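Beneath this line is the structure, given in structure tokens, with notes to follow.
The values are calculated or read from the model by the stated rules, or taken from the named source; none is laboratory data. The model shown is predicted, which means the values in this text are computed figures rather than measured ones. Please note: Cβ atoms are built from the backbone with ideal geometry, for glycine as well, and neighbour counts cover all protein chains shown. Calculation scope for accessible area: heavy atoms of the full protein, side chains included, ligands and nucleic acids excluded. Shrake-Rupley method; radii C 1.70, N 1.55, O 1.52, S 1.80 Å.
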Amino acid sequence: MKKRKRVMLAWAAAAVLMLVMTGGCSRSEDARYQLDPRQPVMITVWNYYNGQTKQAFDSLVSRFNETVGMEKGIIVDSVSHGDVNQLSEETYNSASGRLGADSMPNLFAAYPENAYRIDVLGKLVDLNQYFTEDELKVYREDFLQDCSFGRNQGLKILPVVRSTENLYLNKTDWDKFAGETGADLEGLSTWEGVAETAGTYYEWSGGKAFLGIDSLANYIIVASVQTGNDIYEFHDGRVTFSFDQDLARLLWDELYVPYVKGYYANLGKFRSDDEKTGDILAYIGSSAGAVYFPKEVTLNQNEIYRIESSVLPYPCFRGGELCAMVQGAGFSVAQSDSTHEYASAVFLKWLAQEEQNLDFAVNSGYLPVENSSLNQGYAKAMEAYSGSPEYNSTVSQSAEATMQMLSEYRFYSNPPFEGSYEMRQFYGEYMETTVNNARLEAEDKMKEGLTKEEALDQVTNEAHFQTWYKGWQEHAAKLLGS
């Protein structure tokens with residue numbers, strides 16, 4: 001606390017000097033919201049960034065405080081809560097007033113599902129009162145599709161950067177596999193092709209998994225959109241879980257069965273961890289996570305070798321729509337007073353401007369959000385990045401794959417609704433639990449004398465499918481209250 005006071009005193013003195021130097025330029029809008037550089041307001045922003053992304057964001061916060069913030073009378077205090085799940089719980093606990101929770105921040109990073117939970121408590125600001133239509137028109141339209149919700153469909157989230165998902169590949173070991181089997185990268189453009197390739201790799205490698213998927217929920221939701229079997233139906237503000245047998249069968253064949261048979265695997269906390277230990281050859285992960293692709297594989301303390309990467313667009317189902325998830329938490333503003341709310345909006349507008357938005361996007365692996373930045377600046381910024389000391393070839397490959405997707409794909413994110421946070425959690429948990437149970441059941445059957453193939457056939461038969469499908473429907477009905 002003493003440190004914060006010293007920072008504010010020093011900052012205020014510098015702000016007075018800047019006022020004198022600039023001649024006290026017109027600030028009617030700032031005056032309306034009672035901003036005064038001689039008496040700066042402090043806004044607290046909670047985020048989930050870490051590592052290189054945190055460094056990039058903190059650098060921007062410092063730049064804002066030393067320029068626009070100093071001129072207007074705004075100090076931004078950035079606090080990282082480690083990861084997105086921890087941040088979601090911290091903000092929800094704060095909004096709920098739970099015992100021991102910290103006070104609500106002025107700004108916080110939020111995925112739509114968590115922002116919706118907090119909005120239901122009446123704690124979010126409708127940003128339409130601080131952003132004009134012209135200011136919002138500069139954003140890529142499908143980057144805003146999940147940002148407006150609530151009774152009046154108010155703008156409750158503003159994206160600062162966004163991301164999608166790519167297919168990351170250990171090219172070094174892929175080349176060995178492809179050279180001996182004839183496997184083609186083109187086969188990885190469809191989910192059916194990925195599953196077929198995974199089966200071939202499993203046999204070739206002596207039982208190793210080919211693929212891991214960071215977000216099973218994203219796979220399930222996007223699969224429903226790609227195939228025209230939307231998993232949710234919206235009628236008069238109510239939501240029903242639309243999960244017909246065609247979609248269930250697709251997920252069973254292309255996701256559940258490959259996991260049960262060991263063609264796919266999720267072992268560590270993140271799939272990049274599994275890649276690093278050589279437990280998988282490829283994975284589906286966020287385009288913003290390109291920087292985490294390992295540079296080497298460690299099989300054991302005596303077997304460590306360098307690898308090269310290859311990054312491909314997100315796979316789609318044969319005959320389906322080219323579609324991928326748009327993700328990445330935007331920022332929500334908590335209700336407080338007009339001065340702090342306005343100051344928060346000033347900071348968000350500044351973050352979205354091309355110069356700093358491109359800086360943050362390139363340094364963190366995310367996508368800028370404004371059309372001009374995406375259409376004109378992003379490719380140039382990535383080209384400049386390729387000559388920098390921080391250059392990472394996987395980041396550049398991810399950017400190239402994502403740029404292809406920006407021109408060819410539709411980006412999707414379902415609007416949040418009551419129960420959507422719990423539903424998203426349920427997708428991954430149910431898939432992982434049922435897969436693990438099936439594998440344990442198969443092991444028991446092998447102990448009883450069945451071959452591995454016979455045991456796996458039994459736990460992936462029609463009776464098991466019907467039980468699995470019924471479980472989806474029953475759990476979803478409980479979560480959605482229908």
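Structure summary
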read-out	value
Residues with amide H under 5 Å from that of GLY268, placed H, sequence gap 5 or more	ASP274
Check: the range 425-482 dipole with +1 on Lys, Arg Cβ and -1 on Asp, Glu Cβ, in debye	200
Distance between modelled label sites at GLU135 and ALA379, nm, 7 Å Cα→Cβ extension	3.1
Between 0 and 90°, nearest 10: helix 338-352 axis offset from the chain longest Cα axis	60
Selection of GluC sites (Glu not before Pro), the range 386-417, meeting DSSP coil and at most 11 other Cβ within 10 Å	GLU390
Carbon plus sulfur fraction of accessible area for the chain, probe 1.4 Å, in percent	48
Relative packing of 466-472, 326-332, which averages over residues the other C-beta atoms within 10 Å, highest first	326-332, 466-472
Accessible area per residue in Å² at 1.4 Å probe, computed on the chain	45
Cβ-derived FRET efficiency at R0 41 Å, ASN371 paired with GLN466, nearest 0.05	0.30
Extended-chain gain in nm, criterion 0.36 nm per residue less alpha-carbon gap, VAL79 and GLU355	97.1 nm
The chain, relative contact order in percent, only Cα pairs under 8 angstrom and at least six apart counted	21
Difference of contour (0.36 nm per residue) and Cα-Cα distance, ASP457 to PHE234	76.5 nm
Using a Förster distance of 60 Å, the FRET efficiency for LEU440-ASN128 (Cβ separation, nearest 0.05)	0.70
Contact order normalised by residue count of the range 118-247, Cα under 8 Å, 6+ apart, percent	11
Rounded tilt (10° steps) of 51-66 against the dominant C-alpha axis of the chain	10
TYR232 long-range amide H proximity, modeled H, under 5 Å	SER242
Relative contact order (percent, whole number), the range 374-482, Cα cutoff 8 Å, 6+ residue spacing	23
Placed amide H near ILE74: partners under 5 Å, 5+ positions off or other chain	VAL41
Using θ = phi - 60° and Karplus 6.51 cos²θ - 1.76 cosθ + 1.60, couplings along the range 161-171 (whole Hz; Gly, Pro as x)	9, 9, 8, 9, 10, 10, 9, 9, 9, 6, 5
Relative packing of peptides 349-361, 290-302, 144-156 - highest average C-beta neighbours within 10 Å first	349-361, 144-156, 290-302
Exceeding the 25 Å Cα-Cα cut-off - candidates LYS137/LYS380; LYS54/LYS269; LYS54/LYS295; LYS295/LYS349; LYS349/LYS380	LYS295/LYS349
Descending Cα extents along the principal axes, the range 114-214, whole Å	61, 30, 21
Whole-Å distance, taken between Cα centres, linking the range 365-421 and the range 92-150	23
Förster radius 22 Å - calculated FRET efficiency between GLU308 and THR200, Cβ distance, rounded to 0.05	0.55
Helix 84-96 axis, angle to the chain major axis (alpha carbon atoms, nearest 10°)	50
Space enclosed by the convex hull of the alpha-carbon atoms of the chain, per residue, Å³	180
Pair-distance profile P(r), taking every C-alpha pair of the range 34-90, with 10 angstrom steps and integer %	24, 43, 25, 8
